[in-house]
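The structure under discussion appears below in the form of structure tokens.
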Amino acid sequence: MEILDCFCGVGDWATKDPILPSRTDEIVRLMDHFGVAKALVYHNSMKFSGWAPDANQQIAEICQKEPRFIPAFVMGLHPHDSGPALGDYLAALKAAKGKAVWLRLPATPYRQARSYASWLIGDWLRACSEKRIPVFFHAEDDDPTLFHTLCSEFPDLRLILTGVIYVGDHFLYPLLKQHRQLRVCLGQMYIPSGNPGRFLKHFTADRLLFGSGLPEFSPGGMIAHVQYADIPDADKARILGGNLQELMQEVRL
């Protein structure tokens, strides 16, 4: 089965950790070690600070040179006439052959969007819904009511939560039952209790995507967790790569 990673950072950090890898060759070497074929990648500079147009341009350039990387842009909000508009972002995403947008990245001390209400980011989410662009949101510190609101207001939005806490099933299961287009990244922080088999008793395998959390986290443990789970091989293949591939093929830019 082909393993595709939906959650991977690459490129220079605004605040560089001296230990963590960031260069293309370092990330590719780790992908080779763990058998990951391709990765949907964002630019590390947006984790702590950074300018969205620059980060998106840099990730597009990195992915142009490394065919195993697929660009994921970060959302930008620009109130001034001189700033790029939503249409500019979508055109750049299409030109880069990008397949996803990040609404909130991990480890960000300030929010790219100060509010996730429709009055501020509604244009973005309507466009992503219409064009079937997956939207990633790092959920670690946020109120689950936010995700319920987003999915209720934008029912066609393909929202993928990363960073769901290990004991998050108590709010994640009700959310998944109510919102068909909501998905969750398996890996990094979220490990379904009782292995994926328990999750698959409640939901179909298309609701789970594998995401390593590189470079902060190692993908090996979660890949093994899925590969050795007592679930059908077809479900393993969907979780580790098929679901992401299907989502990316549905993008209409």
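Counting other beta carbons within 10 Å of each residue's own, what order do Thr162, Thr149, Thr24 fall into, fewest first?
Working: Thr162 25, Thr149 14, Thr24 17.
So the residues, fewest neighbours to most, are Thr149, Thr24, Thr162.
May I ask you to sort Lys131, Lys177, Lys236 by Cβ crowding, counting other Cβ atoms within 10 Å and putting the fewest first? It would help to have the intermediate numbers written out before the result.
Details: Lys131 15, Lys177 11, Lys236 20.
Final ranking by Cβ density, sparse to dense: Lys177, Lys131, Lys236.
Do you know the relative contact order of region 3-250, to the nearest whole percent, from alpha carbon pairs under 8 angstrom that are 6+ apart? It would help to have the intermediate numbers written out before the result.
Working: 434 pairs, mean separation 46.2, N = 248.
This gives 19 percent for region 3-250.
Of all beta bridges DSSP finds with both residues in the chain, what is the antiparallel percent, to the nearest 5? Intermediate results must be reported in sequence, preceding the final value.
Numbers: 1 of 26 bridges.
Close to 5 percent.
May I ask you to derive the relative contact order of region 1-132, considering only C-alpha pairs under 8 Å and at least 6 residues apart, and to give it as an integer percent? Don't skip to the answer; put the middle values down first.
Values: 185 pairs, mean separation 28.2, N = 132.
In percent, rounded to a whole number, it is 21.
On a full-extension model of 0.36 nm per residue, what is the gain between Leu120 and Phe48, subtracting their alpha-carbon distance, rounded to one decimal in nm?
Numbers: separation 72, 0.36 × 72 = 25.92 nm, distance 2.15 nm.
The span from Leu120 to Phe48 would gain 23.8 nm if fully extended.
When the helices in the chain are scored as -39500 (n - 2.57) per DSSP H run of 4 or longer and the sum is shared across all residues, what 222 nm value do you end up with, to the nearest 500 deg cm²/dmol?
Using -39500 (n - 2.57) per qualifying helix, the result is -11000 deg cm²/dmol.
Let's test the formula: R0 of 25 Å, r as the Cβ-Cβ distance of Tyr166 and Glu250. What FRET efficiency results, to the nearest 0.05?
Values: r = 30 Å, r/R0 = 1.20.
For R0 = 25 Å, the calculated efficiency reads 0.25.
Considering the alpha-carbon set of region 3-250 alone, what are its Rg and its Dmax in angstrom?
For region 3-250, the Cα-based Rg and Dmax read 17.0, 55 Å.
No lab work stands behind these numbers, since they all come straight from the coordinates. Model, not experiment: these values are computed from the prediction. Please note: Cβ atoms are built from the backbone with ideal geometry, for glycine as well, and neighbour counts cover all protein chains shown.
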